[in-house]
1. Determine whether Asp8 is within 25 Å of Gln112 (Cβ to Cβ), modelled with pLDDT of 85 or more and in contact with a strand residue (DSSP E or B) (Cβ under 6 Å, 6 or more places away or on another chain).
2. If only one of Ile334, Ile318, Ile353 is in a loop (DSSP other than H, G, I, E, B) and either over 18 Å from Phe284 (Cβ atoms) or assigned by TED's automatic domain parsing to the domain that holds Gly257 (or both), which one is it?
3. For the range 135-188, give me each residue that is among the basic types (Lys, Arg), surrounded by fewer than 16 Cβ atoms within 10 Å (Cβ to Cβ) and either in a strand (DSSP E or B) or out of contact with any strand residue (DSSP E or B) (no Cβ under 9 Å at 6 or more places or on another chain) (or both).
4. Return the total of residues in the range 327-358 being closer than 10 Å to Lys255 by Cα and at pLDDT 95 or above.
5. Output yes when any residue across the range 35-54 is outside any strand (DSSP E or B), farther than 30 Å from Gly253 by Cα and at pLDDT 90 or above, and no when none is.
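The values are calculated or read from the model by the stated rules, or taken from the named source; none is laboratory data. All of these numbers come straight from a predicted model, not from anything done at the bench. A quick note on method: Cβ atoms are made from the backbone with ideal geometry, for glycine too, and the neighbour counts reach across all protein chains shown.
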Amino acid sequence: MKRLLIIDRDGTLITEPADFQIDSFEKLTFMPGVFSWLGRIASEFDYELVMATNQDGLGTESFPVADFSGPHQLMLKALESEGITFDDILIDRSFEHENSPNRKPEIGLFAQYINGEYNLSESFVIGDRLTDVLLAKNLGTKSIRINTAECSQADYCAKDWKGVYEILKPKRHATINRKTSETDITITVNLDDSAKGDIDTGIGFLNHMLEQIARHANIGLSVVCKGDLWVDEHHTTEDIAIALGLAIKQALGNKAGIGRYGFALPMDDCNAQALIDLGGRNYFIWKAKFKRERIGELSTELLPHFFRSLAEGLAANIHIKAKGKNEHHKAEAIFKAFARALGNAVRLVGTEIPSTKGTI
């Protein structure tokens, strides 16, 4: 469903003069950051932009609306030059009638958007006044109050347009709870915040390897697992990998803008290569041999099983190859190489979905 950004004009896009009248070019001043940050919002995020105002003095009363001669039209032309175009511009001229159903915070002016085609609960009203906040409540959208120290009743408050951008920026994080008769797992992933989380799998070496993924992929990762280790470490290792893949996949959303691919690195006597494609199809190739049966409490035969299960949960193509003499170094090099590949793949490098298919 389509989403809206309903943006109040005066005090949000442009400064509001003391007499509330934008009736001359001298009074037309843009709010700081509106070009750069609203421009990024328009280009990076999937919202329809709607400008709304019920202020007097639009600057169109004494100028033709159809051309760019008036302050209002000059404002639109300046915004358009930075890639900011509005899908709709709603002007309430009933400012002399306080009880008009079109006057904010009443919703009459926005009736065309209450038709089931729009996801209003994921839409926003952005403005500097309490009436904008109340409009959002009446419409069933969220509210962002900007450029004011007064934030009462608003869902979010931003001191400037950069703050609005940060609020609207998709939050690429996810929590997966996976409970079976063999394991009880909670994994939280944040692809844009590398704050350190708790990692407790019950297997010391697996904890260490998951810490490598978090550190070298530069992501936030928390893993808590209670598994049937009295049987062996198989179920815990497998289920953590599946849940981790599912969490990363969920956090990626529609994958727009991601790098998608990537990594090889040396570690002392070892070298490891990890290739990844977050293209939505799971496939796995493993070319690494271990002479030791165990590293710490973890069986080395579970290393390929971990990455195979991760590939399945993540719906990713993962190829891993490693050589070396020291078994600990070899395993750690594999996890670090995978982490770097993952970090490159999930990193935002643009705004488009990286596929000619249009979806991955």
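1. yes
2. Every option except Ile353 fails the conditions.
3. If the condition is that a residue be among the basic types (Lys, Arg), surrounded by fewer than 16 Cβ atoms within 10 Å (Cβ to Cβ) and either in a strand (DSSP E or B) or out of contact with any strand residue (DSSP E or B) (no Cβ under 9 Å at 6 or more places or on another chain) (or both), then Lys162, Lys169, Lys179 are the ones that fit.
4. Summing the residues that are closer than 10 Å to Lys255 by Cα and at pLDDT 95 or above in the range 327-358 gives 0.
5. Checked against the condition, which is being outside any strand (DSSP E or B), farther than 30 Å from Gly253 by Cα and at pLDDT 90 or above, the range 35-54 yields no hits at all.
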